[in-house]
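Readers should treat all values here as calculations from the given coordinates under stated rules, not as data from a laboratory. Just so it is clear, the model here is predicted, and its values are computed rather than measured. Cβ: placed from backbone, ideal geometry, glycine included. Neighbour counts: every protein chain shown.
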Amino acid sequence: MTSLTVGQLAERAGVASSAIRFYESRGLIRSRRTSGNQRRYEQAELRRVAFIRTAQRVGLSLDEIGEALATLPENRVPTKADWTRLSRAWRPRLDEQIERIERLRDQLDSCIGCGCLSLRNCALRNPQDVLASSGPGPVLLEP
């Protein structure tokens, strides 16, 4: 099997070399060392980097990603079934995130409709700042 240098893996994965080293330092990807102490990555690490990047784009933390990757087999290249299992495990988390985003979209539409753009002063959404007792932040938009 062909191994890749840090630069080659980074170029193929579309990320900076520093990202590759960071992912490795977090235990998300693995390398072996040459006799000259240089990192070498198996081509299968490309899939892991793609998975990491995709998971980050949908809002998963590196801790969540690391927990998922830790369940993959070390003695073989992960299969489509392995990746499917990970994806399905995140489905409820992603559905919740989608619901939050839809709530945000819907609430912003109604707020923008009044023209003031201020939940603190808006007589329609928050008269006399009654939401202050609910805590800081966008309390109408968060579960």
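Would you please calculate the Kirkwood hydrodynamic radius of the stretch 46-86 over all C-alpha pairs and express it in Å, rounded to one decimal? Result for the stretch 46-86, one decimal place: 10.5 Å. For the pair residue 38 and residue 91, label points projected 7 Å from Cα toward Cβ lie 4.5 nm apart. Going from the fewest other Cβ atoms within 10 Å to the most, the residues 65, 101, 20 appear in the order 101, 65, 20.
Given the peptides 6-18, 77-89, arrange them by the average over their residues of other C-beta atoms within 10 Å, most packed first. Mind dumping the intermediate values first?
Numbers: 6-18: 15.7, 77-89: 12.7.
Taking the mean over residues of other Cβ atoms within 10 Å, the ranking is 6-18, 77-89.
Centre-to-centre separation between the Cα atoms of the stretch 81-95 and those of the stretch 1-44: 26 Å. For the stretch 1-78, the spread of Cα coordinates along the three principal axes comes to 37, 27, 19 Å, biggest extent given first.
For residue 5 and residue 75 in the same chain, what is the full-extension length gain: residue separation times 0.36 nm, less their Cα-Cα distance, in nm?
Roughly 23.1 nm would be gained on extension.
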